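The structure appears right after this line, and notes come after that.
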Amino acid sequence: QLTPSSLLRIGQLSNVDLNEDIHELETELPRQRPNEIPHNEKLLSLKYESLDYDNSENQLFLEEERRINHAAFRTVEIKRWVICAMIGILTGLVACFIDIVVENLAGLKYRVVKDNIDKFTAKGGLSFSLLLWATLNASVVMVGSMIVAFIEPVAAGSGIPQIKCYLNGVKIPHVVRLKTLVIKVCGVILSVVGGLAVGKEGPMIHSGSVIAAGISQGRSTSLKRDFKIFEYFRRDTEKRDFVSAGAAAGVSAAFGAPVGGVLFSLEEGASFWNQFLTWRIFFASMISTFTLNSVLSVYHGNAWDLSSPGLINFGRFDSEKMGYTIQEIPIFIFMGVVGGILGALFNALNYWLTMFRIRYIHRPCLQVVEAMLVAAVTATVGFVMIYCSRDCQPIQGSSVAYPLQLFCADGEYNSMATAFFNTPEKSVVNLFHDPPGSYNPMTLGMFTLMYFFLACWTYGLTVSAGVFIPSLLIGAAWGRLFGISLSYLTKGSIWADPGKYALMGAAAQLGGIVRMTLSLTVIMMEATGNVTYGFPIMLVLMTAKIVGDYFVEGLYDMHIQLQSVPFLHWEAPVTSHSLTAREVMSTPVTCLRRIERVGTVVDILSDTSSNHNGFPVVESNPDTTQVAGLRGLILRSQLIVLLKHKVFVERANLNLVQRRLKLKDFRDAYPRFPPIQSIHVSQDERECMIDLSEFMNPSPYTVPQEASLPRVFKLFRALGLRHLVVVDNRNEVVGMVTRKDLARYRLGKEGLEELSLAQT
C-alpha cells in the first residue's frame, strides 16, 4: 500500500534528513503521505554512512608526510592547541548568550504573569491569568518548534544521541552544521522561556561539537565561505578528535565541570583515545568554563569575583553541616534502587511515546501543534497545582525570585509556586538549599508525580531541549520528600537534612534515566563543589545503573536504536564466538582493476542498487593463470575527485604523464563530495583508462575468512575502520566487512539476535 514517495518519506522521520539529492527526486513524485508509518525497532538503516578514522596511506599522502619536516609538525601541533582554545572560548560565549537571554526573557514573562495574578486574586477572575500564562507559553514554544521542524530537524532533542553516534563513527547528515547551531541555540532559548519541562544543559554539548567541527575545518558550508586556514585538518580523523573536545567544552560550560567534560567525552563518545588528546580536551574544557565564568561575573557586576563556573550552579554544600555517617550508606543504596526503577519507567514510557510519534506525528505541522499542546498543558498543570495548594510559608528570610501570594496571608507565599513558577534550574537549587520545613510533603509528592509525566512527554518533542535538568528536578523533589519522611521517623535527628537527600535523589534519578556513571559522578561533585559526597554519589549512580539496566536500556541508547543507527558498542556480543568473518561479511564485492576503463568506473559508481563506498583494487593482468590478488583499496570519494579532475589517458599512450593531483584537491572536496550524477563523462572519455595505483591505499587492513566475530569486531572498533577486506589464503578478495555487518548482531532477551537491514 506504500507509494515510492511514502517510502522516501519514512527516512525523514527519525530526526535525520535524507541527503539533498533525494529531495530533487521527491518533488517530481506526487505528494502523498501515509497516515501511519510502519516502524520496526529491529531494523538497521542503510542510509547512514560511516566516518573513516583510518587515513588512506596512498602515495600522495606518503609524499606529503615525507616533505613535512620537524618544524612544520610543530606548527601543526600549535595550531591544534589554538583551535582547542578557540573552541573553549566560543563555547563559553554561546553558553553566556543562552544564559543571559533566558534569564531576561523568562524574568519578563514571570513578572507579567505575577502582576496579572496579583491583580486578579484581589477581584476574582483568575481564569484570565491562566489563559495569559498558557498563551504566552504556547506562542513562544510555537516559534521554537517551527524553526526546528521546518528548518533543521536534526536540532530537535538534546543532540547527545546524535553526537554519540558521530563520535562512534556514524555520519549523521547535517549534525555539525552552522545552521544546526543557530537553530539549536534559538530553539533552546525559546523552549526554556516557553516553560516546558526542559533544561538548557544537554544542547550545550551539541553546540560545542558544532563549534568545534566548524573551527577545525576553517570554512563553513552554510555560509559558502572558505577561510583557507587549518586545511591540514580536513579529514575525518582530525575532525572527530576536535568534535570530542567540543563536546567536553559543552559539558564543562553547562555544569562548570571541566574534568567531568573530559570524562564524558571519554565515556560516551570517542572510540579512539590517546594522552595528547586528553590533555587538549582538558585544556578546551578549562578555557570554556573560565570564559563563561568571567563573562557572567562581569555581567552580574562583580568583575573580579569568579563565582558562576557553569550554567547551572548547585550552590555550595557545607561539609560541616552536611556530612554523612556510615549508617546512611544503606539508605543511599536504597535511593539508588528507587532511582533505577523510576528511570526505567521513564524510559519505557518515553519509548512507547517515541514509537507513537514516529508512526503518526511525522508531519512538521503536527509536530508544532503537539509542542504547543504540551506547553499549554504544562502551564495549566502548574497553575492548577498552585491554585489548589494550601501550603503557605513565611516570606522573610527566604530567597524566592517571584513569590506568589495567591490565597495566603500577607507576608506569606505559596510554596508550590517556588517549584512551578520558575525556570527548572532555579527550582533545583531551591530544593537543594531551602531550610528544612520550607516544603509540605504533600506539595513535593504532587509535584514529583506531575513533573515526571510532563518531562516524559516533553522529551522527544520537536524542540531543542535537554533532559538533564528535568530529571535532576524530579529526583530532587522525591529525594527531599524521602529526607523529610526520614526525619519524621527518627524524630527529627540532625543527620536527616532534606537537602542532602535531595542531592542523592537527583543523582539517582538522572543516573536511572541516562545511565552514565563515571562522568556523572564527577559532574555532580564539581557542580556541588564538594568532594565529601563523592562516595555516596558513586554508590547511588552505580546502583541506579545496575537496577535500570535490568529493565530497559538508557534513554540515549534507546533513541539511537529507535533511529536504526548502526552503532558499535565497546565489545562484540558475548555469545558471538561461534560466528566467523565468512558468515558476517557482505558479498559479492565489486572490485576494480589497477588500470581500469573509465566507463566501468562510472557505471559502478552510478549503480544505485549497490551503493558501495569502498572498492578493493586487484591486479589487472590479462594473463588468467595468475591469481587476482588484493592490491589496495580505493574509496568512492577518491574516484569521484579523479573523475571530476579527469585524471585519465587514452588507450594508445598509457605512459603519458598527466597533471598530478595533489592531496589538496581531495581535501577541498571534503566533506561533501559531489554525487556521481553531477559529473559528466563523454562517450570518448568512457573509453580512456584510469590508473589507480597512486591514489589507492596500498595497505588496507584485511582479515582471513576464518577469523571469529569478536576478533573482527575488536580490530574494526579499535582502529575506527570503515572497510575491512576479507581474504582467503591466496589473498583473493572474498568479502568486505562494514559497520552494518557488525552492528547487525545484538544481544536480545533470548540471546544473539540478528537485525534486518532496511533501505530507509
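The values are calculated or read from the model by the stated rules, or taken from the named source; none is laboratory data. If you're wondering where the values come from, they're calculated on a predicted model, not measured in any experiment. Ideal geometry is used to build each Cβ from the backbone, glycine not excepted, and the neighbour counts take in all protein chains shown. Quick note on the areas: whole protein, heavy atoms, side chains included, nothing else; ligands and nucleic acids left out. Shrake-Rupley method; radii C 1.70, N 1.55, O 1.52, S 1.80 Å.
The residues on offer are LEU292, LEU311, LEU342, and the sole one that is buried (at least 22 other Cβ atoms within 10 Å of the Cβ), among the hydrophobic types (A, V, I, L, M, F, W, C), modelled with pLDDT under 75 and out of contact with any strand residue (DSSP E or B) (no Cβ under 6 Å at 6 or more places or on another chain) is LEU311. Would you confirm whether or not the stretch 396-417 contains a residue that is part of a helix (DSSP H, G or I), open to solvent by 10 Å² or more (accessible area, probe 1.4 Å) and not basic (Lys, Arg)? No, the stretch 396-417 contains no residue that is part of a helix (DSSP H, G or I), open to solvent by 10 Å² or more (accessible area, probe 1.4 Å) and not basic (Lys, Arg).
The residue pairs whose first member lies in the stretch 508-536 and is outside the structural domain of THR289 (by the TED database), whose second member is among the charged types (D, E, K, R), and whose beta carbons are closer than 6 Å, counting only pairs six or more residues apart or on different chains, are GLY511/LYS545; ARG515/LYS545; THR517/LYS545; LEU518/GLU267; SER519/GLU267; GLY529/ARG316. When we screen ILE312, ILE229 for residues that are in contact with a Phe, Trp or Tyr (Cβ under 7 Å, 6 or more places away or on another chain) and part of a loop (DSSP other than H, G, I, E, B), the only hit is ILE312. Please verify whether LEU431 is in contact (Cβ under 8 Å) with a residue 12 or more places away in the chain and either in the same structural domain as LYS123 (by the TED database) or surrounded by 21 or more Cβ atoms within 10 Å (Cβ to Cβ) (or both), treating the condition exactly as stated. Yes, satisfied. Among the criteria (1) of a type in the set (Asp, Glu); (2) within 21 Å of ALA257 (Cβ to Cβ); (3) assigned to a helix (DSSP H, G or I), the one ASP305 does not fulfil is (3). Sort out which residues of the stretch 261-277 are touching a Leu at 6+ places or on another chain (Cβ under 8 Å) and modelled with pLDDT of 90 or more, and write them in order of number. The answer is LEU263, and nothing else. Confirm whether GLY382 is in contact (Cβ under 8 Å) with a residue 12 or more places away in the chain, under 26 Å from GLY124 (Cβ atoms) and buried (at least 17 other Cβ atoms within 10 Å of the Cβ). It is true that GLY382 is in contact (Cβ under 8 Å) with a residue 12 or more places away in the chain, under 26 Å from GLY124 (Cβ atoms) and buried (at least 17 other Cβ atoms within 10 Å of the Cβ). Go through the residues of the stretch 434-449 one by one and say whether even a single one is assigned to a helix (DSSP H, G or I), crowded, with 18+ Cβ neighbours inside 10 Å and of a type in the set (Asp, Glu). No, the stretch 434-449 contains no residue that is assigned to a helix (DSSP H, G or I), crowded, with 18+ Cβ neighbours inside 10 Å and of a type in the set (Asp, Glu).
Tallying residues that are open to solvent by 30 Å² or more (accessible area, probe 1.4 Å) and either under 25 Å from PRO671 (Cβ atoms) or modelled with pLDDT of 85 or more (or both) within the stretch 614-635 yields 1. Restricting the stretch 501-535 to residues that are on the phi < 0 side of the Ramachandran plot, of a type outside the set (A, V, I, L, M, F, W, C) and out of contact with any helix residue (DSSP H, G or I) (no Cβ under 7 Å at 6 or more places or on another chain), the residue that is surrounded by the most Cβ atoms within 10 Å (Cβ to Cβ) is ASN530. Figure legend. Inter-residue proximity from the stretch 400-424: first residues in the same structural domain as THR458 (by the TED database), second residues of a type in the set (Val, Ile, Thr) and part of a loop (DSSP other than H, G, I, E, B), beta-carbon distance below 7 Å, spacing 6+ or different chains. Indicated pairs: PRO403/ILE395; GLY411/ILE395; GLU412/ILE395; TYR413/ILE395; TYR413/VAL400; THR418/VAL400.
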